[in-house]
Ligand SMILES: *Cc1c(COP(=O)(O)O)cnc(C)c1O
């Protein structure tokens, strides 16, 4: 065993890993990367088919990101945001605010939250380190904002989706609804409500027989899942306690198993939640920064009085916008630095910010922060990544990659154990089942997804499953040939592992 692997075995405890299994075989020690390729300590090369757990955007060892970081390193790596501003964090905050409001566009008037409130424009950025902390910040801010607007006796309550995953800190876990991850900590958590999320492939309201297509396309239902949100919100209102916030992963729930929402669902349910007084918290930790494809949204501009308002097409990097949803909190992390450094941000409105203003001795301060808040290297990587994202080459590459992915995934339908293939932009989840005609699932204990991914790794392609769902999430720089190898490896691995 390589010396580094031995040291890992001796001392490193890995996340979400059964260490008893881990200790049985020599771990792969990654020492280098280039584009979509990872290299290990033995010189073997692999394709990074899940973008290093959904973080990497432009590929590894990117010359532009590297150069930006080197330039910043020549100045300073970190200074505290407690008491000091800094250059990259200020610049990044401004860029994020512009993007979160559709590149400076004005959110459609209909999207304004409670009429009369001058909210809806995301104007303030709170930096932290990870997706979990970004959600923790949104949670605390929404909680306290609600108490300050509804009164100190109010008991703010949150509504989130079945299967939701918002991170692993205790607040974020409370918002989540994945029993397997969360049951052990039940005693530590506060109560939140969950509501059905659309999972068309396994939806009890979907009357359609399985077909060889994404279940969203052939589903037969009456949007019962929207009705569920409506009745949850109505019940909360009846109890005299409207939800403080509705928390969601827009367009696709990641850790739930890459579960996509049918077009129009998010718009409908967020209108309902907002109509019942709830703030909207969009967790775009996975979906942000173009991961769900190039969304073009209609933005009505009516700034010049003489000119009639017109609708222009404005590109967006966020999944909520593609559904014409304008949240009050936007949490981003994973791809924020292009996958280089741990950094996160929670964007919110002026209205929320203002609720925390007051004289020093009123103690209305937001008492929350992290040592590395506004880290200069992280913010530098974020700026460089956003610069790349808005460039024509990246936009063209993402368009092509999305089309290539759609094309390549078609070949999977010939496998009888592929039940559902669901793609949203540059993410795909492939759900494996005993037989596609019955949708019969494998038992978790059979480790079907894990075994398929092990067989993919033997073919030089790395990804991680979620139960029986194999995830493909290529970096944006992935070439057509590399993508073919990723999907080809998956096809062969399924055929080898799940021979009927
Ligand atoms: C990964 C993820 C998180 C947690 O982010 P960490 O950086 O791992 O703390 C939260 N929400 C979503 C949707 C995620 O995919």
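Is there a residue being within 16 Å of the ligand (Cβ to nearest atom) and either over 17 Å from the mean Cα position of the chain (by Cα) or not in a helix (DSSP H, G or I) (or both) anywhere in region 201-219? Checked against the condition, which is being within 16 Å of the ligand (Cβ to nearest atom) and either over 17 Å from the mean Cα position of the chain (by Cα) or not in a helix (DSSP H, G or I) (or both), region 201-219 yields no hits at all. Inspect all residues belonging to region 54-66 and state whether any of them is over 26 Å from residue 398 (Cβ atoms) and out of contact with any helix residue (DSSP H, G or I) (no Cβ under 6 Å at 6 or more places or on another chain). Scanning region 54-66, I find no residue that is over 26 Å from residue 398 (Cβ atoms) and out of contact with any helix residue (DSSP H, G or I) (no Cβ under 6 Å at 6 or more places or on another chain), so the answer is no. Criterion applied to 355, 351, 379 was being buried (at least 24 other Cβ atoms within 10 Å of the Cβ) and assigned by TED's automatic domain parsing to the domain that holds residue 169, and the one residue passing it is 379. Condition check for residue 390 on (1) under 25 Å from residue 66 (Cα atoms); (2) surrounded by 14 or more Cβ atoms within 10 Å (Cβ to Cβ); (3) modelled with pLDDT of 95 or more: one failure, at (3).
Residues 445, 481: which one is over 22 Å from the mean Cα position of the chain (by Cα) and at pLDDT below 95? Steps first, answer last, please.
On the way: 481 fails: at pLDDT below 95.
Just one listed residue meets the conditions, 445.
Yes or no: region 271-290 includes at least one residue that is in a helix (DSSP H, G or I), touching a helix residue (DSSP H, G or I) at 6+ places or on another chain (Cβ under 7 Å) and either at pLDDT 95 or above or within 15 Å of the ligand (Cβ to nearest atom) (or both). Yes, region 271-290 contains a residue that is in a helix (DSSP H, G or I), touching a helix residue (DSSP H, G or I) at 6+ places or on another chain (Cβ under 7 Å) and either at pLDDT 95 or above or within 15 Å of the ligand (Cβ to nearest atom) (or both). Listed here are the strands (runs of 3 or more DSSP E) enclosed by region 410-500 that have at least 3 residues being in contact with a strand residue (DSSP E or B) (Cβ under 7 Å, 6 or more places away or on another chain) and within 23 Å of residue 55 (Cβ to Cβ): 427-435, 469-472.
Per the conditions (1) closer than 30 Å to residue 481 by Cβ; (2) within 16 Å of the ligand (Cβ to nearest atom); (3) over 21 Å from the mean Cα position of the chain (by Cα), the sole criterion not satisfied by residue 375 is (1). Among the residues examined, residue 76 does not qualify as at pLDDT 95 or above and assigned to a helix (DSSP H, G or I). When region 116-167 is filtered for residues that are part of a loop (DSSP other than H, G, I, E, B), within 11 Å of the ligand (Cβ to nearest atom) and over 22 Å from residue 195 (Cβ atoms), the ones remaining, listed by number, are 129, 130. Mind checking which residues of region 468-496 are over 25 Å from residue 397 (Cα atoms) and surrounded by 19 or more Cβ atoms within 10 Å (Cβ to Cβ)? If the condition is that a residue be over 25 Å from residue 397 (Cα atoms) and surrounded by 19 or more Cβ atoms within 10 Å (Cβ to Cβ), then 468, 469, 493, 494 are the ones that fit. If the condition is being in contact with a strand residue (DSSP E or B) (Cβ under 9 Å, 6 or more places away or on another chain) and either over 23 Å from residue 251 (Cβ atoms) or crowded, with 24+ Cβ neighbours inside 10 Å (or both), then region 175-184 contributes 175, 176.
The values are calculated or read from the model by the stated rules, or taken from the named source; none is laboratory data. In this text the structure is predicted, and so the values were computed from the model without any measurement. Note: ideal-geometry Cβ built from the backbone for every residue, glycine included; neighbour counts use all protein chains shown.
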